[in-house]
Structures are given as structure tokens and as C-alpha cells.
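Peer 1: Take this structure first; my questions come after.
Only the coordinates and a few stated rules stand behind these numbers; no lab work does. Quantities reported herein were computed from a predicted structural model and do not represent experimental measurements. All Cβ positions, glycine included, derive from the backbone under ideal geometry; neighbour counts span all protein chains shown.
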Amino acid sequence: MRISNEIWNEALATVVYLALIEIHSQHEQRSFVSNENPDNNPARYSTERLMLKHLPKRTIPGTKSAELLKLSKNYEPPCMADQVPVVWDHGDRVWITDVDGNEYIDFTSGVLVTNVGHSHPEHVKAIQRQAERLMNCYSFPTPERVTLSERLVKLLPDNLDEIFLLTTGSEATGAALRIAKRFTGKHEILSFYGGFHGRTYGPMSVSGSLGTRRKFGPALPGGIIAPYAYCYRCFYDKTYPDCDFYCLKTLDRIINSSSSGDLGTIITEPYQGGAGFIFPPEGWLKALEKWGRERNLLLIVDEVQSSFGRTGKLFMIEWQDVRPNMLCLGKGIGSGMPASALAGESKIFASMLPGEMSSTCGGNPLASAASHAVLDIMQKENLPENSRKVGEYILKRFQELQKRRHCLGDIRGKGLVMGLEIVENQQNRQPAPELTQKIIFRCGEYGMLLGKVGLYGNVIRIAPPLVITEEEAEIGISILNKVLTELG
Ligand SMILES: Cc1ncc(COP(=O)(O)O)c(C=O)c1O
């Protein structure tokens, strides 16, 4: 009798899962007697340690978490977050421990931030060393800042020959939009349905979702928004590749009917994060670049979340050799230390007068030292390559699950960033936001942290730190599989 790979994998995952629980409960008994602390074990990331961390179901929030969540409710506005009720205490690579001592495998990286893993020792040391020397000097240059700018420029396409170091992603996209208007002398900007570029007023004005703009009054004038290549829910009901990028072919008609003849710039994400990890088909971004060049439009690519190894290359534009005129970077550049950057062509930056744009904390020595350490770690541990390798493994395992779990509507991703679109069933594709919420909560109970995105709130965000191993990834996959079996 032939047993399919799928059944073998399922059986293997179940055996691993049961073994993990068994080993964990044995360890609990042992450590109760000997007071053994796995953190003192020099083989910190041995198989046994990985397994020990995979805990059986726990109650969330725990007692201490509940107390702090109450404090948060009393003193913090509810608009801040919508997460599983876990209060984080400390992190180690891909593992988080909450204030009650529960451990979780982190499939969020915060929000695609901690690319080098939580509290990587070299990252920590670099920050500590720098904190003892100098933390802020506003826009006076420091060795850390200028050498970081040089280092980044050398990693980027030739045309991006200057770097403006900033603090947040919104600051980088906001700066890009303003500089683009100055350089082109044109105020209209083309962006895309579902696009997310930050929550401050400029970036919000080019965002393409109600979630970002709801009831904030008129956005900045000059925004033109067009359909993105969201092929699972194509705006034009077409199918790729037969559509031949029909969504790009409609751009001229959209511009002709919405523009006042003052369009100067395009801003886009290479994949859409907030809208639900929507990956356009291979070639879409390159085709958009060509379309824009033919019309003499400036191209801003927002890689605030897709950069620093996340998709398997240092920058996602490398996959298709796209050369934007400006590139926004953030999140992973500091890997936990607030930092962002705007890379651009010097002729574009030259449209700004000296001192006309600065940032209180942008390029501060602490953040710059942290970013240097991030680049060192990326290179030394070859994290883009690991992202590609483990990402392919996870994607394949999810695709296997999809054959049996009918709520898994669409699975898409590149490197270690993926979206699992949760639907009522694969035939009707109806978004299932409540089920999505339940899955995320139940995974939290089993020790796995996940995030939620999507225009319909029905996409599970898969984005572990780039240091994750296949073995660790398998732990997350078995938890998700178990939860989908229970709920899906
Ligand atoms: C593509 C993109 N651009 C900009 C931003 C805004 O970054 P920040 O929250 O650091 O301002 C984000 C944040 O999620 C993002 O994903």
C-alpha cells in the first residue's frame, strides 16, 4: 500500500507534537526536583531545549498578565492594539517569555521588526557599548551615522546614492512624499487599494484602506488610488496570468479620469503588508516601474517592512532588479531599536535646502550602532539565505495543510513573510474574521504568537525572526495544525 507524503507528514507532525509534550512533562518533573534551569545549559539551543520550550495548553492571560492588562485598560487608550492577551517579559531569538513565565514561539517578530531575533547578544552589546558613549546629538554627524550611511548606500542599487536616517517608517514615507512633490513640482501621487504607508497625515493620505482613514476628514489633496494586484480577490475578476496584468493596463484610464494633469509620483509596497500580505505576481513591480518611467513619474518603493532579509534578499526590490528613485526602509533596520531610513538619488535630495528637513532622533548614535550590528549579524549568519530556506519549508508545509484544512483559503509569501487567508470554505472564499481571531487566540494558548492583518481582518500574519530554524518552525506548524484541526 502506498502512503502519500501528506499522510506521512501529518503522522510525523503528530508524533513530534506528542513527543514534545511528553518530554516537556518529564522535564517539568525533573526540574521540580533538581531546580534545573535550561538557561544555564551552554547548549542553549539544543534540540532538547527547543522541545522543552514547546509547552502544553496554558490559560491566557496568566495572573500577572491579567493585572498588567487591567492597568493598561485603565491608563492606555484602546486604539493602541488588538493582540492576544499576553504581557511580554523577555525574548531570546524566536522565543518570548511572558510575565507569568509562559514561553511562546514568536511568529510575529513584533511586527516584522526583530529580524535578527530577540535580544541577539551582539545587537545588545553594540547598543550597550554605544549607550555608554553617546546617545543623541541631533543632526551633528557621528562616526556611527556616516559610516552606516556609506554602508547602506553600498548595499543598494547604484542610483540610490544618499541616505537620510530617520526614526519611524511613517517618517520615512512622509519625507519621501514631501521630497517627491518638491522635486517633481507636482502634487499628485498614485498609490494603491489596500496600500499602507503609515499613520501620520501624509502617509495616511496615500493609504488605500478605510481602516487607516476612517472619519479623519479630507486627506491631503492629490491622491489617486488604483487597484493593486490582489489576485485571490481580483478587483476586475480576472485570473493571472491570462489577465496579462490587466490592472496595470487600466492605470491610464484611471489617471485620465482622476488627475488634474499634475501627477508626479507613484508610491507602492512591493507586497502589501497591512492589506493581508498580498504578493503581486512576479514581474508586476517591474512592469509598474516601466509604466511609470514611460510617463516620467518618480517611483517610491516602501520597503519599511519587506527589507533587511525578510523576503530572502536584503531588499525585496532585488528580486526583480527594480530601481526606484526613493526607497523607504524601517522596522528590521534597527531590529528593535527605533530606526528608519529614506534612500534616494542625490539629484532628488538636492531639491531640499540645507537644514530644511531634519529629525530629532534620526540617525542618532544609538540607533546607528544598532543598525551596524544588524548588518553585521545579517552578513555573518547569512539571514536572508535562512529566510529563503526556512520560508520555503514553511510555505510547503502550509500548502500541505491547505489540502486538508478548508478554512485555509489562500497561502502566499516569500521568505519569512506569509499570509494565511482564512475563509468560510475554499469554494465560497468568504472572509472569516471571527474564526481568524479564534485561531490566533487558541495558538496563543498553545504557545505560539501570531498577528492579524487584512482588508477583512481575516489574514494570519506569519513572520518569525529570520534566525528561526526548520526545527523551530515545525513546532509552530504543529501548533497551528492542531488548532486548525480543533477549530477549522
Ligand atoms: C509598508 C509600511 N510602511 C510604513 C509603515 C509605518 O511604519 P511605522 O509604524 O514605523 O511608522 C509600516 C508599518 O507597519 C509599513 O508596514
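Peer 1: Enumerate the calculated ³J(HN,Hα) couplings along the range 122-128 in order (Karplus 6.51 cos²θ - 1.76 cosθ + 1.60, θ = phi - 60°), each rounded to whole Hz, writing x wherever the residue is Gly or Pro.
Peer 2: 6, 5, 4, 4, 4, 5, 4
Peer 1: Okay, moving on. Run the numbers on the chain and let me know its relative contact order in percent, using alpha-carbon pairs under 8 Å that are six or more apart. List each step's numbers first, then the result.
Peer 2: Numbers: 925 pairs, mean separation 100.6, N = 488.
Over the chain, the number comes to 21 percent.
Peer 1: Limiting things to C-alpha atoms, what are the Rg and the maximum Cα-Cα separation (Dmax) for the range 243-305, in angstroms?
Peer 2: That works out to 12.3, 32 Å for Rg and Dmax.
Peer 1: Going by average Cβ neighbours within 10 Å, how do the peptides 219-230, 136-147 rank, with the highest at the top?
Peer 2: On the way: 219-230: 18.7, 136-147: 14.2.
My ranking of the peptides, most packed first, is 219-230, 136-147.
Peer 1: Another question, then. Using every Cα-Cα pair within the chain, state what percent have a distance larger than 29 Å.
Peer 2: Values: 61274 of 118828 pairs.
Tail of the P(r) past 29 Å holds 52 percent of the pairs.
Peer 1: When only alpha-carbon atoms count, how far does the range 273-405 stretch along each of its three principal axes, as whole angstroms with the largest first?
Peer 2: Principal extents (largest minus smallest coordinate, Cα): 59, 41, 26 Å.
Peer 1: Then there is this: Using the crude model of +1 on Lys and Arg Cβ and -1 on Asp and Glu Cβ, and no other charge, please compute the dipole size for the chain relative to its Cα centre, in debye to 20.
Peer 2: Values: 54 positive and 55 negative charges, 181 e Å.
For the chain, the charge dipole is close to 860 debye.
Peer 1: Also, quick follow-up: Taking Cα atoms, how many degrees apart are the long axis of helix 169-184 and the longest axis of the chain, rounded to 10 and kept between 0 and 90?
Peer 2: 20
Peer 1: 5 Å is the cut-off here: which amide hydrogens, built 1.01 Å from N in the peptide plane, fall below it relative to Leu298, excluding neighbours closer than 5 in sequence?
Peer 2: Thr265, Ile266
Peer 1: Give me P(r) over the range 96-217, computed from all C-alpha to C-alpha distances, binned every 10 Å, as integer percentages.
Peer 2: Pairs per bin, as whole percents: 10, 25, 33, 25, 7, 0.
Peer 1: For the chain, find the longest principal axis of its Cα atoms and tell me its angle to the long axis of helix 433-445, 0 to 90°, nearest 10.
Peer 2: 50
Peer 1: Take the range 122-380, compute every pairwise Cα distance, and split them into 5 Å bins from 0; I just need the percent in each bin.
Peer 2: In order of increasing distance, the bins hold 1, 6, 13, 18, 19, 16, 12, 8, 4, 2, 1, 0 percent.
Peer 1: Between Lys452 and residues 5 or more places away or on another chain, which pairs have amide H atoms under 5 Å apart, with H built 1.01 Å from N, and which residues are they?
Peer 2: HN-HN under 5 Å from Lys452: Arg461.
Peer 1: Give, rounded to the nearest 20 debye, the magnitude of the charge dipole that the range 122-380 has about its Cα centre when Lys and Arg contribute +1 at Cβ and Asp and Glu contribute -1 at Cβ.
Peer 2: Values: 28 positive and 25 negative charges, 103 e Å.
It works out to roughly 500 debye.
Peer 1: Another question about this same structure. For the range 124-183, build the convex hull from the C-alpha positions and give me its volume per residue in Å³.
Peer 2: Working: hull volume 7.2 nm³, N = 60.
So the per-residue hull volume is 119 Å³.
Peer 1: While we're looking at this one, here's another question. If we count other beta carbons within 10 Å of each Cβ, what is the order of Glu303, Glu76, Glu392, fewest first?
Peer 2: Working: Glu303 28, Glu76 11, Glu392 16.
Lowest to highest Cβ neighbour count: Glu76, Glu392, Glu303.
Peer 1: I would also like to ask the following. If you line up the long axis of helix 383-404 against the longest principal axis of the chain, both from Cα atoms, how many degrees apart are they, to the nearest 10?
Peer 2: Relative to the chain, helix 383-404 is tipped by roughly 70 degrees.
Peer 1: Between Arg233 and Leu210, how high is the FRET efficiency from 1/(1 + (r/R0)^6) when r is the Cβ-Cβ distance and R₀ = 25 Å? Nearest 0.05. It would help to have the intermediate numbers written out before the result.
Peer 2: Values: r = 16 Å, r/R0 = 0.62.
Here the calculated transfer efficiency is 0.95.
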